[in-house]
1. Applying the selection to the range 158-192, what residues are hydrophobic (A, V, I, L, M, F, W, C) and buried (at least 19 other Cβ atoms within 10 Å of the Cβ)?
2. What's the total number of residues in the range 115-152 that are touching a residue at least 24 places away in the same chain (Cβ under 8 Å) and surrounded by fewer than 16 Cβ atoms within 10 Å (Cβ to Cβ)?
3. Going by what's in this entry, would I47 be described as in contact with a Gly (Cβ under 7 Å, 6 or more places away or on another chain) and either at pLDDT 95 or above or surrounded by 11 or more Cβ atoms within 10 Å (Cβ to Cβ) (or both)?
4. What residue, among those in the range 91-114 that are among the small types (G, A, S) and touching a residue at least 40 places away in the same chain (Cβ under 8 Å), is surrounded by the fewest Cβ atoms within 10 Å (Cβ to Cβ)?
5. Is there a residue in the range 94-107 that is in contact with a Ser or Thr (Cβ under 6 Å, 6 or more places away or on another chain), part of a helix (DSSP H, G or I), under 24 Å from Q71 (Cα atoms) and modelled with pLDDT of 95 or more?
6. State the number of residues belonging to the range 151-194 that are closer than 21 Å to L81 by Cα, among the hydroxyl-bearing types (S, T, Y) and touching a helix residue (DSSP H, G or I) at 6+ places or on another chain (Cβ under 7 Å).
7. Among the residues of the range 69-88, count how many are out of contact with any Phe, Trp or Tyr (no Cβ under 9 Å at 6 or more places or on another chain) and of a type in the set (A, V, I, L, M, F, W, C).
8. Is one or more of the residues making up the range 144-163 under 23 Å from the mean Cα position of the chain (by Cα) and in a helix (DSSP H, G or I)?
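The values are calculated or read from the model by the stated rules, or taken from the named source; none is laboratory data. None of these values were measured; they are calculated from a predicted model. Methodologically, a virtual Cβ is constructed for each residue, glycine included, from the backbone with ideal geometry; neighbour enumeration extends over all protein chains shown.
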Amino acid sequence: MQSEVSRADGFLKAGIEAMRLQSRIAILLALVLAGCGGRATPPAGFINYTRHSDAELASLWESAQQNLSQQIDLNPLEQELNNAAPQIVSGDARVWTVFPQTVFPHQLVVSSQADVSSAAFYLATGTTRPDPTGLISCPQPCNVNYAPAYSLYNQPATRYAASWESSSNNFDVLVEYEFENHILNALGYDTRWR
């Protein structure tokens, strides 16, 4: 009789252990599945409203880092507008630590903005320029009223004239330059004349 009780206890214990194991597996599986499909996390880096891929924008960001790791021109706009002497400094290795997803409290918005019309540009400046002008209205704190592109830092954004979108070489140059400005701003450089 005792052996039958021992066997019954053994089966009962084995059954309990099997149920515990199944419960653990079920909990683990639930955690894994929740991790896969729970809350959607936004993609790192850019909120991309361009005709270009995120990979293309990431490549332009990397090119901006490469440029700034070699040399930094702190005042190209001042040189152009005021014939100022260049303020060029050595590259900064810290640029390799700056990424859109790690620097900004929000992702970096990259988008086009409608070109200012030639009529509006003429009324504002007295200068004739054919449509599309390749320029957009540049908000404060810009040093100019119109530019091909600009960046904002508090609400991270890069905007460029829509007419540049289909001109890939020019688009690349504009956006890469604006990405340089974001990187420099994140590192504490004065970007007033960039």
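1. Kept after step one, since they are hydrophobic (A, V, I, L, M, F, W, C), are these residues of the range 158-192: 161-162, 164, 171, 173-175, 179, 183-184, 186-187.
Correct list: A161, W164, F171, L174, V175, F179, I183, L184, A186.
2. 4
3. Numbers: in contact with a Gly (Cβ under 7 Å, 6 or more places away or on another chain): no; either at pLDDT 95 or above or surrounded by 11 or more Cβ atoms within 10 Å (Cβ to Cβ) (or both): yes.
Considered against the rule, which asks whether it is in contact with a Gly (Cβ under 7 Å, 6 or more places away or on another chain) and either at pLDDT 95 or above or surrounded by 11 or more Cβ atoms within 10 Å (Cβ to Cβ) (or both), I47 comes out as no.
4. Here the answer is A114.
5. yes
6. 3
7. Number of matching residues: 2.
8. Within the range 144-163, one or more residues are under 23 Å from the mean Cα position of the chain (by Cα) and in a helix (DSSP H, G or I).
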